[in-house]
Each structure stands twice: as structure tokens, then as C-alpha cells.
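Below: the structure, in C-alpha cells.
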Amino acid sequence: MPYTGDVTPGGPPDVRALDALTITKMSVGPMDNNAYLLRCATTGEQLLIDAANEAPRLLSLIGDDGLSTVVTTHRHMDHWVALEEVVAASGARPVAHPADAGELPVPCDTVHDGDSVRVGACELEVIHLVGHTPGSIALLYRDPAGTAHLFTGDSLFPGGVGNTRGNAADFASLLHDVSTKLFDRLLDETWFYPGHGKDSTLGAERPSLPDWHARGW
């Protein structure tokens, strides 16, 4: 079955196999959060993006091959309910941005804008996007054999940037960072994977940037 990125809480995961990296997307309840398991094709090493909830399902998805790293995209609780249990069961290294790491239930190694996080032979670039929270991050994988793949947490969705709760300064910051660090740098073909709901591409969303700016959310 071709990858669509359409997953539902309690439903089966969707799998996208690239040459060097396999991406498995699964939705966990009760808030329809996306969790992403990345597996290096060369080494078999695995990394999880957002241990959001339902630790038993996440651990079943991880399987017997172990987990090296858990990256939390931001501090909001619906993205880390299962973090403590997954880390305890797997021994994985938890990673977050320092501006949000103190709000998480386990001590984390911290990363900054421009740093890299590795999963086996594959490298993920950390992109700091300020606004949804002070320490929100995205992870960028530049596939040597194809397009770029971007994991945006709650900073970018199909149809707009993440919720800034009516705070004009936070919205301006987030739209600025998303515009300059994502849309200005990356090609239209870049596929992005958000913290909730369906995927999209930067090209599909790019024409709407002026509308997002004008509406203010």
C-alpha cells in the first residue's frame, strides 16, 4: 500500500520506506497525536519523535530492536504522556530543546537550532521554531535519494502555523520562523509531518502564507 499519512487513534500505523530511512506514523489517543518511529535501514537503529501517549502501543511498535533516542518536539503534555514509561522500558536517550526540557517528566539531553540528531547513519537537523512554545523544534531529514522530510510538531500544519492562543507576539515569532527557516530554505517538494492530523508539502501550503499573516492565526 502506498503511504498516505492518514492514521487514526487505535488504527494501524502507516509506513513510508525511503532508501536509507523508514518512517512509521501512528496516531495515539485521546487527542489524536502523531508519533513517528524512524528506523535506519543500514544499522537498524530507531528514533521516536514524540512519545505522546499509549506507551504499550508505542513499545509494541518499537519492538525487540530497541530504541536509541526519543525526541520531544515541545513541552505540551499531550506530546509526552508516554515519555517516562517509554524511556524506562527502552533505555532510550530523551532529547528536547532547553527552553522546553525543564517541563518534561525526565531529564533530557538538549539540542539547539542547527544541531544534528542521528539515527544510525541518518542525520536529522534541529530547527528551533519559537511561538507555539519557547522551545518548539522541527527535525529535517534530507534524503540523499529524494525530497526532504520535515517533522514539525505543532509548529506547522496543513492550513496554518500552530496555535499561539491569541498572543500577537508569539504568532509573529512563529510565522517569522516558519517562513524564514522552513519556507525560505526548503523546496516545495518537502514533505512535512505534523504533530496531529494529516501531512502536507511546503508547496501545497506556500501560497497561503500571505493569508495566514493577514488573519493573524
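Values quoted throughout were computed directly from the atomic coordinates according to the rules given, and no laboratory measurement underlies them. Given the structure is predicted, the values throughout are model-derived calculations rather than measurements.
Taking 0.36 nm per residue of separation and subtracting the Cα-Cα distance, what length does fully extending THR22 through ARG142 add?
Details: separation 120, 0.36 × 120 = 43.20 nm, distance 1.32 nm.
Extra length from THR22 to ARG142 when fully extended: 41.9 nm.
Sort region 98-175 into rounded, prolate or oblate with this rule: let a ≥ b ≥ c be the square roots of the eigenvalues of the Cα gyration tensor; rounded if a/c is under 1.5, and if a/c is not under 1.5, prolate when a/b is larger than b/c, oblate otherwise. Can you show the working numbers first?
Details: a/c = 2.60, a/b = 1.31, b/c = 1.98.
It is oblate, given that a/c is not under 1.5 and a/b is not larger than b/c.
Kindly write out, for region 25-30 in residue order, the coupling ³J(HN,Hα) from the Karplus curve 6.51 cos²θ - 1.76 cosθ + 1.60 (θ = phi - 60°), rounded to whole Hz, with x marking Gly and Pro.
Those phi angles translate into 9, 9, 9, 10, x, x Hz.
Using a Gaussian network for the chain with springs between C-alpha atoms less than 10 Å apart, which of these wobbles most: HIS112, HIS79, HIS196?
Comparing HIS112, HIS79, HIS196 in a Gaussian network model of the chain, the most mobile one is HIS112.
Expected output is a single nm value to one decimal: the length gained when fully extending between ARG206 and ARG118, i.e. 0.36 nm times separation in residues minus the C-alpha distance. What is it? If you can, show how the numbers build up before the last one.
Details: separation 88, 0.36 × 88 = 31.68 nm, distance 2.87 nm.
That pair, ARG206 and ARG118, stretches by 28.8 nm at full extension.
For the chain, modelled as a Gaussian network with Cα springs under 10 Å, which listed residue fluctuates most, SER155, SER179, SER136?
Highest fluctuation among the options: SER179.
With an 8 Å cut-off on Cα pairs and a minimum separation of 6 or more residues, tell me the relative contact order of region 14-215 in percent.
Values: 456 pairs, mean separation 29.6, N = 202.
Relative contact order here is 15 percent.
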